[in-house]
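The values are calculated or read from the model by the stated rules, or taken from the named source; none is laboratory data. A quick note: this is a predicted structure, and the numbers were derived from the prediction, not measured. Cβ: placed from backbone, ideal geometry, glycine included. Neighbour counts: every protein chain shown. Note: areas computed on protein heavy atoms with side chains; ligands, DNA, RNA excluded. Shrake-Rupley method; radii C 1.70, N 1.55, O 1.52, S 1.80 Å.
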Amino acid sequence: ADIKKRGAGRNESLLDLGCGWGVVGIVMKTVFTLFDVTCVDVNTRAVALAKENAKLNLNAPDTIMVSDILASVPEDKLFDTVITNPPVRAGKKTVFAFYEQSYAHMKEGGAIYVVLQRKQGADSTKKKLNELFGNCETIDIKGGYHVMKSVKGTKDASISV
(Lines give C-alpha, C1' and ligand atoms only; values in the text may rest on other atoms or scores of the structure.)
Protein backbone atom coordinates (compact mmCIF):
# COMPACT_ATOMS: atom_id res chain seq x y z
CA ALA A 1 0.00 0.00 0.00
CA ASP A 2 2.90 2.36 0.73
CA ILE A 3 4.28 1.98 -2.82
CA LYS A 4 0.84 2.49 -4.36
CA LYS A 5 0.32 5.61 -2.23
CA ARG A 6 3.55 7.26 -3.37
CA GLY A 7 3.03 6.20 -6.95
CA ALA A 8 5.12 3.57 -8.69
CA GLY A 9 7.57 4.75 -11.31
CA ARG A 10 8.28 3.09 -14.63
CA ASN A 11 11.13 0.62 -14.73
CA GLU A 12 11.69 0.59 -10.98
CA SER A 13 13.56 -2.41 -9.62
CA LEU A 14 12.28 -4.45 -6.72
CA LEU A 15 13.97 -7.23 -4.77
CA ASP A 16 12.07 -9.94 -2.89
CA LEU A 17 14.86 -11.06 -0.55
CA GLY A 18 14.30 -14.54 0.90
CA CYS A 19 11.44 -15.08 -1.53
CA GLY A 20 10.47 -18.58 -0.42
CA TRP A 21 7.95 -19.98 -2.88
CA GLY A 22 7.62 -16.57 -4.55
CA VAL A 23 4.27 -15.15 -3.51
CA VAL A 24 5.48 -11.60 -2.73
CA GLY A 25 7.51 -11.21 -5.92
CA ILE A 26 4.68 -12.64 -8.04
CA VAL A 27 2.10 -10.32 -6.45
CA MET A 28 4.37 -7.29 -6.81
CA LYS A 29 5.01 -8.04 -10.49
CA THR A 30 1.27 -8.52 -11.03
CA VAL A 31 0.39 -5.20 -9.37
CA PHE A 32 3.38 -3.25 -10.72
CA THR A 33 3.86 -4.77 -14.17
CA LEU A 34 6.55 -2.26 -15.20
CA PHE A 35 8.79 -3.13 -12.24
CA ASP A 36 11.90 -5.22 -12.81
CA VAL A 37 11.31 -7.81 -10.06
CA THR A 38 14.09 -10.04 -8.74
CA CYS A 39 13.42 -12.88 -6.29
CA VAL A 40 16.24 -14.61 -4.41
CA ASP A 41 16.42 -17.34 -1.80
CA VAL A 42 19.22 -19.57 -0.51
CA ASN A 43 16.95 -22.64 -0.59
CA THR A 44 17.04 -24.38 -3.98
CA ARG A 45 13.70 -26.10 -3.39
CA ALA A 46 12.05 -22.76 -2.55
CA VAL A 47 13.46 -21.22 -5.73
CA ALA A 48 12.22 -24.19 -7.79
CA LEU A 49 8.74 -23.70 -6.30
CA ALA A 50 8.90 -19.94 -6.96
CA LYS A 51 9.75 -20.64 -10.61
CA GLU A 52 6.92 -23.17 -10.87
CA ASN A 53 4.45 -20.71 -9.30
CA ALA A 54 5.68 -17.93 -11.59
CA LYS A 55 4.85 -20.06 -14.65
CA LEU A 56 1.24 -20.22 -13.44
CA ASN A 57 0.92 -16.41 -13.35
CA LEU A 58 0.67 -13.92 -16.19
CA ASN A 59 3.19 -11.50 -14.71
CA ALA A 60 6.04 -13.60 -13.42
CA PRO A 61 9.05 -11.92 -11.78
CA ASP A 62 11.86 -11.07 -14.20
CA THR A 63 14.52 -13.01 -12.29
CA ILE A 64 14.20 -15.85 -9.77
CA MET A 65 17.45 -17.32 -8.54
CA VAL A 66 19.33 -19.10 -5.80
CA SER A 67 21.55 -16.76 -3.83
CA ASP A 68 23.10 -16.75 -0.36
CA ILE A 69 21.56 -13.41 0.56
CA LEU A 70 22.83 -11.26 -2.36
CA ALA A 71 26.10 -13.08 -3.14
CA SER A 72 24.86 -14.13 -6.61
CA VAL A 73 23.47 -10.71 -7.52
CA PRO A 74 25.90 -8.61 -9.59
CA GLU A 75 27.46 -5.80 -7.55
CA ASP A 76 26.21 -3.17 -9.98
CA LYS A 77 22.59 -4.36 -9.73
CA LEU A 78 20.85 -1.75 -7.59
CA PHE A 79 17.25 -1.78 -6.38
CA ASP A 80 14.69 0.94 -5.72
CA THR A 81 12.78 -1.27 -3.30
CA VAL A 82 13.71 -4.28 -1.16
CA ILE A 83 11.06 -6.35 0.58
CA THR A 84 11.96 -9.01 3.11
CA ASN A 85 10.60 -11.16 5.89
CA PRO A 86 14.05 -12.23 7.11
CA PRO A 87 14.79 -15.75 8.38
CA VAL A 88 14.92 -15.05 12.11
CA ARG A 89 15.68 -18.69 12.91
CA ALA A 90 18.96 -18.33 11.00
CA GLY A 91 20.13 -15.94 13.71
CA LYS A 92 20.73 -12.23 14.16
CA LYS A 93 24.01 -12.31 12.21
CA THR A 94 22.21 -13.58 9.10
CA VAL A 95 19.25 -11.25 9.53
CA PHE A 96 21.55 -8.24 9.89
CA ALA A 97 23.49 -9.41 6.80
CA PHE A 98 20.16 -9.19 4.91
CA TYR A 99 19.95 -5.50 5.85
CA GLU A 100 23.63 -4.73 5.22
CA GLN A 101 23.70 -6.39 1.80
CA SER A 102 20.38 -4.78 0.87
CA TYR A 103 21.80 -1.38 1.74
CA ALA A 104 24.79 -2.04 -0.51
CA HIS A 105 22.45 -2.99 -3.39
CA MET A 106 20.05 -0.07 -3.08
CA LYS A 107 19.84 3.15 -5.06
CA GLU A 108 19.94 6.45 -3.19
CA GLY A 109 16.37 7.17 -2.14
CA GLY A 110 15.53 3.47 -2.27
CA ALA A 111 13.45 1.89 0.50
CA ILE A 112 13.61 -1.38 2.38
CA TYR A 113 10.45 -2.88 3.89
CA VAL A 114 10.93 -5.47 6.64
CA VAL A 115 8.14 -7.61 8.10
CA LEU A 116 8.79 -9.16 11.52
CA GLN A 117 6.95 -10.11 14.66
CA ARG A 118 7.96 -8.07 17.66
CA LYS A 119 8.91 -11.22 19.56
CA GLN A 120 11.15 -12.25 16.63
CA GLY A 121 13.38 -9.22 16.84
CA ALA A 122 11.44 -6.21 15.59
CA ASP A 123 13.11 -3.98 18.20
CA SER A 124 16.68 -5.03 17.31
CA THR A 125 15.81 -4.75 13.61
CA LYS A 126 14.57 -1.20 14.10
CA LYS A 127 17.80 -0.32 15.89
CA LYS A 128 19.94 -1.91 13.14
CA LEU A 129 18.00 -0.21 10.34
CA ASN A 130 18.39 3.14 12.12
CA GLU A 131 22.15 2.53 12.33
CA LEU A 132 22.44 1.62 8.63
CA PHE A 133 19.98 4.02 7.03
CA GLY A 134 19.76 6.79 9.62
CA ASN A 135 16.00 6.28 9.78
CA CYS A 136 13.35 3.64 10.39
CA GLU A 137 9.64 3.96 10.83
CA THR A 138 7.01 1.38 11.66
CA ILE A 139 4.39 1.89 8.95
CA ASP A 140 1.96 -0.80 10.08
CA ILE A 141 1.30 -3.31 12.88
CA LYS A 142 -1.21 -6.13 12.46
CA GLY A 143 -1.52 -9.40 14.32
CA GLY A 144 1.79 -8.83 16.08
CA TYR A 145 3.61 -8.27 12.78
CA HIS A 146 5.48 -5.00 12.30
CA VAL A 147 6.14 -3.52 8.87
CA MET A 148 9.20 -1.28 9.06
CA LYS A 149 10.56 1.02 6.39
CA SER A 150 13.94 2.67 5.97
CA VAL A 151 15.03 4.96 3.15
CA LYS A 152 18.62 5.14 1.89
CA GLY A 153 20.14 8.58 1.77
CA THR A 154 17.75 10.48 3.98
CA LYS A 155 17.59 11.06 7.70
CA ASP A 156 13.79 11.28 7.60
CA ALA A 157 11.94 8.08 6.62
CA SER A 158 8.81 10.12 5.80
CA ILE A 159 10.70 11.41 2.75
CA SER A 160 9.72 8.47 0.62
CA VAL A 161 10.76 7.01 -2.67
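The table for this structure:
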| read-out | value |
| --- | --- |
| Cα gyration tensor category, rounded, prolate or oblate, for the stretch 5-115 with a/c compared to 1.5 | oblate |
| For the chain, cysteines whose Cβ has no other cysteine Cβ within reach (under 4.7 Å) | CYS136 |
| Solvent-accessible area per residue for the chain (1.4 angstrom probe, square angstrom) | 52 |
| Most positive-pole-ward Cα, VAL24, ASN59, GLN117, against dipole of the stretch 1-151 from beta carbon charges | GLN117 |
| Value of [θ]222 nm, deg cm²/dmol, for the chain, DSSP H segments ≥ 4, -39500 (n - 2.57) each, nearest 500 | -9500 deg cm²/dmol |
| Within the stretch 57-154, percent of DSSP bridges classed antiparallel, to nearest 5 | 70 |
| Probe 1.4 Å, all protein chains present, accessible-area order of ARG89, ARG6, largest first | ARG89, ARG6 |
| Carbon and sulfur %, accessible surface of the stretch 71-120 computed with the full protein complex present, 1.4 Å | 50 |
| The chain, relative contact order in percent, only Cα pairs under 8 angstrom and at least six apart counted | 18 |
| Cα gyration tensor shape for the stretch 62-155, rounded if a/c is under 1.5, else prolate or oblate | oblate |
| Total charge dipole magnitude, the stretch 70-133, about the Cα centre, Cβ charges on Lys, Arg, Asp, Glu only, Debye to nearest 20 | 480 |
| Extension gain from ASP62 to ASN43, taking 0.36 nm per residue of separation minus the Cα-Cα distance | 5.0 nm |
| Estimated dipole of the stretch 31-159 in Debye, rounded to 20 [Cβ of Lys and Arg +1, of Asp and Glu -1, Cα centre] | 580 |
